[in-house]
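This report concerns only the one structure given below.
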Amino acid sequence: MSKLDVNVIDDRRGRARGLGRRLGVREGRAREEPAEPQVDRPLSEPGRARRGRRTPIQAVGAEPRVDLLPMEVADERRARASARRAWLAVVVVGVVVVLATGAATAESLRAGADLTRSQADGAGVLQEQLRFSDVRTVLRETDLIKAAQAVGGAAQIDWSEVLGSVGAALPADTTITGLTVSSMDPLKGFGQSTVPLAQSRVATIDITISSPTVPSIPSLSDSLQQVPGYVGASITAVASADEGAAFTGQVSLELGPAAFDETYEYKAVD
């Protein structure tokens with residue numbers, strides 16, 4: 001500490017002692033003189049300017065106290081308190097960081113253990129699959145064969161059932177003298193009708209019939225609707241060659257996808 005600081009401290013101490021003596025003298029005088037009656041004064045009187053700060057009033061009879069410590073001591077105390085609070089905050093943050101790091105490390109170790117266990121289970125499953133690799137190969141080949149059958153038999157129609165239904169739909173005195181069948185190929189499409197809003201067709205049957213009498217076209221059309229996959233029919237060219245001869249006619253029957261028998265319907269193997 002320099003001489004100037006020593007002189008300042010001594011000067012402050014001397015002023016504090018003098019203030020203490022004056023306060024003691026004033027207190028003694030106050031004890032000797034009778035107390036004046038207290039008069040309530042308004043907080044603010046007109047014409048009197050307000051002061052910027054209030055002067056502390058010493059209570060009568062109280063023990064006078066004076067802080068003789070230099071300002072440097074109070075500043076140092078405040079600085080120490082601030083430093084303690086700062087270090088406390090640093091310690092709290094450090095504890096939080098340590099706890100978070102520990103939790104993250106524990107979670108990482110747990111995840112690593114789960115990964116190791118899952119890898120071991122996967123290796124076991126792979127070994128079991130290798131043991132039954134021949135069975136899986138047979139299953140794949142079987143599935144391939146079934147898929148080929150489904151493709152080849154996708155357009156398969158049970159013609160015995162269809163033609164039997166056609167024969168049952170014709171009148172009893174009607175005979176079939178000609179028959180032409182056209183159906184779709186599994187690898188090719190089938191020609192569709194150009195009539196607007198016509199249903200999709202997969203096969204057609206052209207039938208030549210012979211009847212001793214003129215067949216009833218509405219009745220024949222209603223009977224042909226019982227044929228599996230029926231989507232439409234037309235009866236044309238009903239005629240007789242000579243008087244008294246049998247009548248002949250042409251019937252064109254159209255079949256839709258419902259005519260497929262789905263014998264080789266494909267179902268994938270899991």
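The values are calculated or read from the model by the stated rules, or taken from the named source; none is laboratory data. Only a predicted model underlies this, so the values are computations on that prediction, with no experimental measurement involved. The area values use the complete protein model at the heavy-atom level, side chains included, leaving out ligands, DNA and RNA. Shrake-Rupley method; radii C 1.70, N 1.55, O 1.52, S 1.80 Å.
Amide H contacts under 5 Å for A203: L255, restricted to partners 5 or more places along the chain or on a different chain, H placed in the peptide plane at 1.01 Å from N.
With 10 Å bins beginning at zero, the pair-distance distribution over Cα atoms of region 125-245 amounts to 10, 29, 24, 14, 9, 7, 4, 2, 0 %. Residue ranking by accessible heavy-atom surface, 1.4 Å probe, largest first, among L163, L170, L109, L69 comes out as L109, L69, L163, L170.
Sorted largest first by accessible area at a 1.4 angstrom probe radius, with every protein chain in place, the residues D222, D114 fall in the order D222, D114.
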